[in-house]
1. List every residue pair whose Cβ atoms sit under 7 Å apart, with the two residues 6 or more apart in sequence or on different chains, where the first one lies in segment 114-130 and is under 12 Å from LEU93 (Cβ atoms) and the second, anywhere, is surrounded by fewer than 17 Cβ atoms within 10 Å (Cβ to Cβ) and among the aromatic types (Phe, Trp, Tyr).
2. Quick one: VAL242 ticks every box in (1) over 23 Å from the mean Cα position of the chain (by Cα); (2) not in a helix (DSSP H, G or I) except a single one, so which number is it?
3. Within segment 140-162, can one find any residue that is of a type in the set (A, V, I, L, M), in contact with an Asp or Glu (Cβ under 8 Å, 6 or more places away or on another chain) and within 18 Å of THR200 (Cβ to Cβ)?
4. For segment 272-296, give me each residue that is in contact with an Asp or Glu (Cβ under 8 Å, 6 or more places away or on another chain) and part of a strand (DSSP E or B).
5. Can you find even one residue in segment 151-169 that is in contact with a strand residue (DSSP E or B) (Cβ under 9 Å, 6 or more places away or on another chain) and either of a type in the set (Gly, Ala, Ser) or without any contact (Cβ under 8 Å) to a residue 60 or more places away in the chain (or both)?
6. Residue under question is VAL248, and the condition is that it be in contact (Cβ under 8 Å) with a residue 60 or more places away in the chain, under 20 Å from GLU103 (Cα atoms), in contact with a Leu (Cβ under 6 Å, 6 or more places away or on another chain) and outside any strand (DSSP E or B); does it hold?
7. Working only within segment 94-116, note down all residues that are surrounded by fewer than 19 Cβ atoms within 10 Å (Cβ to Cβ) and not in a helix (DSSP H, G or I).
8. Residue by residue through segment 12-33, note down the ones that are at pLDDT 90 or above and closer than 26 Å to SER90 by Cα.
Amino acid sequence: MADRRLQVFHTVAKQLSFTKAAELLFMTQPAVTFQVKQLEEHFNTRLFERSHGRISLTPAGELALDYAERILNLTGEMEARISELTGQVSGPLLIGASTTIAEYMLPRLLGEFKRLHPETQARLTVANSETIENKVTDHTLDMGLIESPSHHPNLITQVCCEDELVMICAPFSDLAQLTSATPKQVATHPYISRESGSGTRECIDDFFKMNGVCLDEINLVMELGSREAVKGAVAAGLGVAVVSSTTVAKEVKLGELVAIPLDPPLRRQLSLVYPPEKFRSKLLQAFLDFLGSSSLLKEYTVSRLRA
């Protein structure tokens, strides 16, 4: 309900990027630029400084951002309160998730929630856990599902299910015949890791340290920014990796990769992160209640622990 120009400006100002704002708003970049230009013409002043491919807020932009946040927060509060009176659960639900959760858990969950509440529209942002947390903290997203514990004291964290991680190698690797692999065995072979900031990376690093392996001892040969890139490098025989068993089930079945259980086992808790109650809309609360009672999450945990 708030002025669309204000919503677009707020997103650009928080991201300091027209491109990222366009992605989050599901708009084209020229459309985002046009909305900001319209707002600048309305105030007859520049809100952004543009130089060397980067943007920053002008003093007028800083002031506008402060008011925009207050206006948008009040608008959201008004819509939430009126929805509570009418009993209607509707509107866009902005969800962020790390890749494993987004591709293997959320489609069924969102489909079931849509069936229960047909007037809702889920909008999904996929990024690493650190990025998702930051976006929930600054209210760019309503909630997030991440692969590591939250580091933000202003967010509520709730464990939703568990996931098991395994070592993977190429079928022609000498390691393919192992029935299990210890952290020290993994560390001595060429190792392919996810990037810093990845929830999977953080979980695995902690696992190594808890089992007496210093991170400097790991024979790290690559850091890759996507799960698919990691799987491709391992399948090519460039090294081993530790990944969620869920994400390699297809490749293992096709004989492209071999998955070897870790000893001791490595299981991680997948978590929901969301704002305190005063910032929650009725729609978000309805989705949280749905997740709390969903049998799909329970099925996911059971299937992973039996794998």
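The values are calculated or read from the model by the stated rules, or taken from the named source; none is laboratory data. Just so you know, these numbers come straight off a predicted model, no measurement behind them. Counting neighbours? That spans all protein chains shown, and the Cβs are built from the backbone with ideal geometry, glycine included.
1. Final answer for the pair search is ARG123/PHE26.
2. Here VAL242 meets the rest and fails (1).
3. Yes, segment 140-162 contains at least one residue that is of a type in the set (A, V, I, L, M), in contact with an Asp or Glu (Cβ under 8 Å, 6 or more places away or on another chain) and within 18 Å of THR200 (Cβ to Cβ).
4. VAL273, TYR274
5. no
6. yes
7. none
8. Residues satisfying the conditions are VAL12, THR28, ALA31, VAL32.
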